[in-house]
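Written below as C-alpha cells is the structure these notes are about.
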Amino acid sequence: MSVTYKAILVGNSEFPEDPHELLKLNGPENDVKLLKQALCNPDKGLFEEDNVTTLINKTSGEILLALDQFFANLTNKDQVLFYYSGHGVQDRMSRLFLCAKNSKKDSLISTTVPDYTLNILFENCQSNKHIIILDCCHSGGFKGGDLPQSLQGEGRFVLTSSSSVELSSDTDAPDSPSPFTKYLSEALLTDSIDANDDGYVSINEVYEYIFPKIYEESKQRPQRKFGDTSGDLPLCKRKISLPINPIKKKGEHRTMNLGDGNPRLNVSEQRIDLLGVERDEKLLDEIVDVFNEGSGDLDWTATCNCDWIEIEKHETYLKLKLSPKEGMNRGSISVKDKNGGGSKTIRVVVEKLKKPAPKPPIPEPNNPSTLPKLLATFQDVKMRHVNQAKSIVDNSEQSGVLQVFSDRIEFAGNFKITIKDIDLLDYYPQDINPGFTFNYMGISGNYDGVEQLMYFYNFSWFGAGQTWKMAEQIHAFIQNKQLKVTNNFKTHINTSPPTQQAPPPPKQNSIYMPGSWNIYIYQFGQQIAYLNLYFNVGGALSGTQQSIDGFSQISGTWGYNAFNNLLTYSVMVTLMNGSVPDQGSVSLHTEPNGNITGTDLLGRQWALQKIGN
C-alpha cells in the first residue's frame, strides 16, 4: 500500500496578550519555513508541497480549527507529521500547553493548544502513523496516548527539543532558526545519516544525528518517545548504496560519544514525573538515552528497585514500561558503566488516580412503621425560580408531579429534586392582567444540598384555584405534624384564602444574568475550565466549554435566587463520546471593583465577565 506523507507545521513567535510572561521569539517563523523546505526537497523529501500546511502566528482558535479540518481529512494510507515551534508551558499536573498568538499564562485552557487535545485528534483520525516534533520549552513533558500492540511497527513517535524540565534555546538572530530545528532540517538533507542504508532516513536516525550536536551547542537533551512498536517511521529518503544492512563489526559500539578522554556515562533524563494518570490509561513507554560525554567504549547495565517498572535495554537507550498501581508510585533506576565511566540514577514518580470510594449502602429499616409515608400527590405542577415569578412565559420552569412525604417533598419532572429541612411555606398571588393570575406557593428549604426558595403553582385563569388548595393541604399536614419541618418554620398561610395580596417577592440584587458571559473556573489557583454561555431571559442556557476533558456543548436551564445570590443550573454536557448531566449552584457576589466572582459547592472559584445582552 502506497503511503502519502502529510504534515501540519505550526510556528508562533508573537504573544501580544501576555508580552511580559511570553516573550517574543526569533526562531519559530524561520523554523517553519526551513523545515518545510527540507521536507519537500525535490531529491530527498517525502512530502509534496500541497500536503504540507503551515500556520504562523495564529490564535488558539484558528489553530484548533485548522487541526480539526486537517485530521478529519486523513486516511489510513497517510503518515502524518505535527510540528510546533514556540513557547511551551506546563501546569502543576505536568500537562503541556502549546502557546498561540492570544495565549496568556493565567488562562492556559482557553488560550492555548493543550496536549490532551492533540491526543484526541490523533486517536480519532484514520491514520495510524504519527510523528510529533515539538521545539519548545518543557516539550519532553508531552504525554502520549494509548498505543496498542496491534499496530506492529505503525504507531506514534514523539521527538522533542528538550526534557520536561528544560528550557529550549531560541536563536539570537531574527532571520535564523532555533538550534534544534536547524539540526533537524540538516539531518533531513545530510547524505551520511542513513545508517542502515535502506534508502530512508527514519525518526530514530534523525534523533541520533541531532542529539550530540544540540547537546554540544546548548546542553539541551532532546527526547524521543514511542510505544509498543517494532518498526520505525521514515522522514526523508536517500539513494541506496549496496550492500544493504551491513554487518556490524566486532567491537563497534553505537553509544553516542560526545567528547574525548575517559568514558563518562550520562543519561538524557534523570527525573520522570507523571501526575494525574487515569485508572484506565495506558502510559506511553519512556525512552531514556544513554550517551558518553567522553570517548572510548561504554559497557553499561541498568537495574531497578521496584516491580512496576520494566526495563528493556537497547544499544543506545533504555525503554521503560510503566505499570503503576493506584496512588503514588516511586521508583529509581541505576545505570552504571563497568569500565569506570560512572553511574546515574533516574527517579520515576507516577500518580495513578484511585477509584472513588463506594457510597455506603443505605440500611434497610427493620420496622415498616418507621418508613416515610406518602401523604399527597399533586399532578401538573409547575416549578419556577423566584426571579422569574412575574414572567408570563418562562422556559426555565419545570412541569411535573409534586409528592408530599412525611419527611420530605419531592418534585419529579425532567429531573428529580428532594426538598428537606423546610423552613418556609407561603402563598403569593401575582396579578399580571385582570382575570389572569398566577398564584404561587413558595417552599424554602434544602433542595438536594442547596438552600433556596422556589415557587410552585397549578395554572388557574380565575382566582386562587388549585394552587391555593395545594398550599392549604400541605399547610394542614404541617399543622397536624404529619410533615416534618424545621424548628424555625414560618408561614403566613391561615385557614382561609387571603383577602389581601401578600408582600411581593424580594427585590433582586444588581447582578442581571440574562445575556452572554465568559466564565473562568479555577481550582487550587489553576484554571481548569473556560465557558462561553448565553443565559436566556426565559431561563434557557446554552454555550460551549473547554476543559481538561476537551471541547463540549452545553444546554439546559438556569435560575438566580435573589434571597441568597445563588446561581443554579441544570444542564447536559455533550462530549465527543456522549452526553452527561450536570447540575449545581454558585454563590455569587460583586467585588468593590465591579468584578463578579463566586464559589460553587466543590470549592472552585468562578470569575464571570459579561460580554453582551
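The values are calculated or read from the model by the stated rules, or taken from the named source; none is laboratory data. Computed from a predicted structure; not experimentally measured. Because the Cβ atoms are built from the backbone with ideal geometry, glycine has one as well, and the counts that use them run over all protein chains shown. For the accessible areas, the whole protein counts, side chains as well, though only heavy atoms, and no ligand, DNA or RNA atoms are used. Shrake-Rupley method; radii C 1.70, N 1.55, O 1.52, S 1.80 Å.
Things worth noting here:
- Candidates LYS390, LYS359, LYS373 - the one that is at pLDDT 65 or above and among the basic types (Lys, Arg): LYS373
- Test: residue in the stretch 243-255 that is of a type in the set (A, V, I, L, M) and either modelled with pLDDT under 70 or on the phi > 0 side of the Ramachandran plot (or both): yes
- ASP260 of a type outside the set (A, V, I, L, M, F, W, C), surrounded by fewer than 20 Cβ atoms within 10 Å (Cβ to Cβ), at pLDDT 80 or above and part of a loop (DSSP other than H, G, I, E, B): no
- Conditions (1) under 31 Å from the mean Cα position of the chain (by Cα); (2) at pLDDT 80 or above: number failed by ASP228: (2)
- Count of residues meeting criterion [at pLDDT below 85, among the polar types (S, T, N, Q), surrounded by fewer than 19 Cβ atoms within 10 Å (Cβ to Cβ) and within 21 Å of SER110 (Cβ to Cβ)] in the stretch 544-592: 1
- Checking the stated criteria, SER178 turns out to be of a type outside the set (Val, Ile, Thr), modelled with pLDDT of 80 or more and closer than 24 Å to VAL113 by Cβ.
- Against the list (1) among the β-branched types (Val, Ile, Thr); (2) modelled with pLDDT of 85 or more; (3) outside any strand (DSSP E or B), the condition VAL349 fails is (3).
- The single condition among (1) surrounded by 13 or more Cβ atoms within 10 Å (Cβ to Cβ); (2) in a strand (DSSP E or B); (3) modelled with pLDDT of 90 or more that THR301 does not satisfy is (1).
- Tallying residues that are more than 14 Å from LEU265 (Cα to Cα), out of contact with any Asp or Glu (no Cβ under 7 Å at 6 or more places or on another chain), open to solvent by 20 Å² or more (accessible area, probe 1.4 Å) and assigned to a strand (DSSP E or B) within the stretch 323-344 yields 2.
- Residue match in the stretch 593-602 (condition: under 28 Å from ASP106 (Cβ atoms), open to solvent by less than 50 Å² (accessible area, probe 1.4 Å) and outside any strand (DSSP E or B)): yes
- Long-range neighbours under 9 Å by Cβ, at least six apart or interchain, first residue within 13 Å of SER542 (Cα to Cα) and among the aromatic types (Phe, Trp, Tyr) within the stretch 511-531, second open to solvent by 50 Å² or more (accessible area, probe 1.4 Å) and part of a strand (DSSP E or B): TRP517/ASN532; TRP517/TYR534; TRP517/GLN609; TRP517/LYS610; TRP517/ILE611
- Selection status of LEU541, modelled with pLDDT of 85 or more, open to solvent by less than 30 Å² (accessible area, probe 1.4 Å) and either more than 22 Å from ASP106 (Cα to Cα) or over 16 Å from the mean Cα position of the chain (by Cα) (or both): yes
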